[in-house]
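Written below as structure tokens is the structure these notes are about.
The values are calculated or read from the model by the stated rules, or taken from the named source; none is laboratory data. Since the model is a prediction, treat every value here as computed from it, not as a measurement. Quick reminder, even Gly has a Cβ in these numbers, built from the backbone with ideal geometry, and neighbours come from all protein chains shown. Surface areas here come from the heavy atoms of the whole protein model, side chains and all, with no ligands, DNA or RNA. Shrake-Rupley method; radii C 1.70, N 1.55, O 1.52, S 1.80 Å.
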Amino acid sequence: MASRVIPVDPFDLVIFGGTGDLARRKILPALFRRYCAGQMQPGTRLIGAARAELTDASYRDFVAAALDEFDIVHNHTDEQRSAFLADLHYVRLDATGEDGWERLAGLMSRDRIKAYYFSVGPSLFGPLAERLHRHGMADAGARIVVEKPFGRDLETARDLNRTLAQHFDESQIYRIDHYLGKETVQNLMAIRFGNMLFEPLWNSQYVDHIQITVAETVGVGGRGDYYDRAGAMRDMVQNHLMQLLCLIAMEPPAKFDPAAVRDEKLKVIRALDPVSPAEIVRGQYLADADKPGYHEHVENPASTTESFVALRAQISNWRWAGTPFYLRTGKRLRARTSEIAVVFKEAPHSIFGAEAGRHRNILTIRLQPNEGINLDVTIKEPGPGGMRLIDVPLDMTFTEALGPDAEDVPDAYERLIMDVIRGNQTLFMRGDEVEAAWAWTDPIIAAWDADEAEPVPYDSGSAGPEEALALMHRDGRRWREIRV
Ligand code: NAD
């Protein structure tokens, strides 16, 4: 069962910020893999645009080095690599200046899909959109891809939406959240809406609670300056965790199309209750024997920015009233893992008596590592000696279940960039969704600012602050272990 590749017609793609970290690590290797997979046709034109003084030839060298470093697929031929590099061009320009724009406009084809990837800071989104428009590159076949962060609060997100809307229609704007491009995230929709088994139970009558964990082992690394102004709430919760929450909680859309899916996601965000300070814990990692702590990483000993958030969210609608959603994310935690766990209620009555213990089904959707799905089922412990019950996992790790084909599954950036070219916005955030997410997070952040709240310290390599454990203990529940 090889993964099906539907080739797309040749297109033009401009990567603004084509010499940046994201372009090098993610965008260019993703394009190369789609090229090798046969999805991108020869003649497709890729144009890097940035401020560096490069020529086409030196940009090709730059991209070749990036592929050496970051392309994890090694089964391509030298011919494929040379052909891919030959289709690359470079235009030197400043997003806020005038030089280079005419040359870029001259390179763009007529009658082709044209995509502009804004892999630059958000302050440049407006100047880029305006210049694309002014130089005649914002026609109906054009689309723009914008990276996170999309604003830092509701007001700035609204401003950005308004600015982009002056030059592009909403149907041309692709706000990327690479979490939505992950295979398992889409599988979440397949599991929910492609099976009869789960959806009837997918509500507060049967689900005790849901946990969403995105744990990282790394610290803020080289992004200290940006991160210290953002924090985990803005960097992770407002976008990635919120999107996962939407997909797990939304009503079945009438069909799998962008408007229907995004309408349902928006309804979830709008049904979220405000979170009180007692329902949220923010933390900051400490140094350990080997590595510096948060303060040293961001070179700001007075920083009160959080590198960890745990919170209890509640969705006030018919389906979910009474079922809490616990969200947690942080840096320098015990393991790098992202998962969603749907914890079902216990059976209403145990015919096996109290000694059989308490058991519940848990459906776990693992986003990383080892993408897959796991269902804990209660069975009899094998052997004589009465009816003792144990929980065993029905485990479907995709690489095991699907064999080598699972290795060929495109990564998030590959899939999302191809969706842009095909004009499919289902896995991208709509402007009103982003604004609604900020409308929910803004009061939380404002309350921290008003109280001058300090995050609680936690040990690097731990599961986060003790207070986060207490958040669930108070409800008679506990977090799943953070482990690979
Ligand atoms: P970077 O600093 O490594 O690269 C920035 C790029 O923008 C460079 O190519 C630079 O030449 C170009 N640039 C800067 N100012 C310019 C100007 N005035 N005119 C034209 N080009 C200009 O940044 P990055 O890490 O590649 O991130 C790019 C965007 O993607 C940022 O908004 C970032 O928040 C977002 N992002 C990055 C990552 C990541 O892993 N790096 C992940 C998610 C989102």
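Gain in length, residue 347 to residue 52, computed as 0.36 nm per residue apart minus the alpha-carbon separation, to one decimal in nm? Please report the intermediate quantities before stating the final value.
Details: separation 295, 0.36 × 295 = 106.20 nm, distance 6.33 nm.
Stretched fully, the residue 347-residue 52 segment lengthens by 99.9 nm.
Placing one identical point scatterer on every Cα of the stretch 1-116 and ignoring solvent, what is log10 I(q)/I(0) from the Debye formula at q = 0.14, 0.17, 0.18, 0.22 Å⁻¹?
-0.56, -0.82, -0.92, -1.33
Counting only Cα atoms, I'd like the Rg/Rh figure for the stretch 269-372, Kirkwood definition for Rh.
When Rh is taken as the Kirkwood radius, the ratio is 1.09.
Given +1 on the Cβ of Lys and Arg, -1 on the Cβ of Asp and Glu, and no further charges, what dipole in debye does the chain carry about its Cα centre, rounded to the nearest 20?
Working: 56 positive and 72 negative charges, 181 e Å.
Approximately 860 debye in magnitude.
What area, in nm² and to one decimal, does the C-alpha convex hull of the stretch 185-251 cast on average over all directions?
On the way: hull surface 23.4 nm².
Mean shadow area of the hull around the Cα atoms is 5.9 nm².
Along the principal axes of its C-alpha atoms, what lengths does the stretch 328-484 span, in descending order and rounded to whole Å?
59, 49, 32
Tell me the label-point distance for the pair residue 316, residue 422, using the 7 Å Cα-to-Cβ offset, in nm and rounded to one decimal.
Result for the modelled spin labels: 3.9 nm.
Expressed as a whole number of Å, what is the distance separating the alpha-carbon centroids of the stretch 358-426 and the stretch 53-128?
Measuring centre to centre over Cα atoms gives 37 Å.
Sorting check: for 368-381, 276-289, which peptide has the highest mean count of neighbouring beta carbons within 10 Å, and how do the rest follow?
On the way: 368-381: 15.7, 276-289: 18.5.
The densest-packed peptide leads the list: 276-289, 368-381.
Return the long-range amide H neighbours of residue 458 (sequence gap of 5 or more, or a different chain), with a cut-off of under 5 Å between placed amide H atoms.
Under 5 Å from the amide H of residue 458: 284, 285, 286.
Using only the alpha carbons of the stretch 197-326, what is the convex hull's orientation-averaged projected area in square nanometres? Don't skip to the answer; put the middle values down first.
Numbers: hull surface 41.1 nm².
Taking a quarter of the hull surface, the average projection is 10.3 nm².
Taking R0 as 35 Å, what FRET efficiency do you get between residue 201 and residue 171 from their Cβ-Cβ distance, rounded to the nearest 0.05?
Working: r = 36 Å, r/R0 = 1.03.
The calculated FRET efficiency here is 0.45.
Mind listing the Cα extents of the chain along all three principal axes, in Å, largest one first?
That works out to 78, 55, 48 Å along the principal axes.
Would you mind getting the Kirkwood hydrodynamic radius of the stretch 94-200 from its Cα pairs, rounded to one decimal in Å? Please list the in-between numbers first.
Numbers: mean 1/r = 0.0631 Å⁻¹.
Mean inverse Cα-Cα distance, inverted, gives 15.8 Å.
Under a 1.4 angstrom probe, counting protein chains only, how are 36, 246 ranked by accessible area, largest first? Could you put the intermediate results ahead of the total?
Details: 36 35, 246 0 Å².
Per-residue accessible area, sorted high to low, gives 36, 246.
Using amide H atoms built in the peptide plane, which far-off residues or other-chain residues are under 5 Å from residue 14 H to H?
Those qualifying (amide H under 5 Å, at least 5 residues apart or on another chain) are 47, 115, 116, 117.
Based on DSSP, what percent of beta bridges with both residues in the stretch 108-252 are antiparallel, to the nearest 5?
Looking only at bridges with both residues in the stretch 108-252, the antiparallel portion is about 0 percent.
Kindly work out what percent of the DSSP beta bridges joining two residues of the chain are antiparallel, to the nearest 5.
Numbers: 40 of 74 bridges.
Antiparallel: roughly 55 percent of the beta bridges in the chain.
Could you tell me which chymotrypsin sites (Phe, Trp or Tyr not before Pro) in the stretch 324-427 are loop residues by DSSP with no more than 16 other beta carbons within 10 angstrom of their beta carbon? Intermediate results must be reported in sequence, preceding the final value.
Numbers: sites: 325, 326, 344, 352, 398, 413; in loops: 352.
Here the chymotrypsin sites (Phe, Trp or Tyr not before Pro) that fit, given the DSSP loop and packing criteria, are 352.
Using modelled backbone amide H atoms (1.01 Å from N, in-plane), which distant-in-sequence or interchain residues come within less than 5 Å of residue 207's amide H?
It is 345, by chain and number.
Probe of 1.4 angstrom, ligands and nucleic acids ignored: what's the accessible area per residue over the stretch 49-156, in square angstrom?
Averaged over the residues of the stretch 49-156, the accessible area is 49 Å².
Any chance you could run the full-extension gain for residue 76 through residue 302? It's 0.36 nm times the residue separation minus the Cα-Cα distance, nm to one decimal.
On the way: separation 226, 0.36 × 226 = 81.36 nm, distance 4.97 nm.
Gain on stretching residue 76 to residue 302: 76.4 nm.
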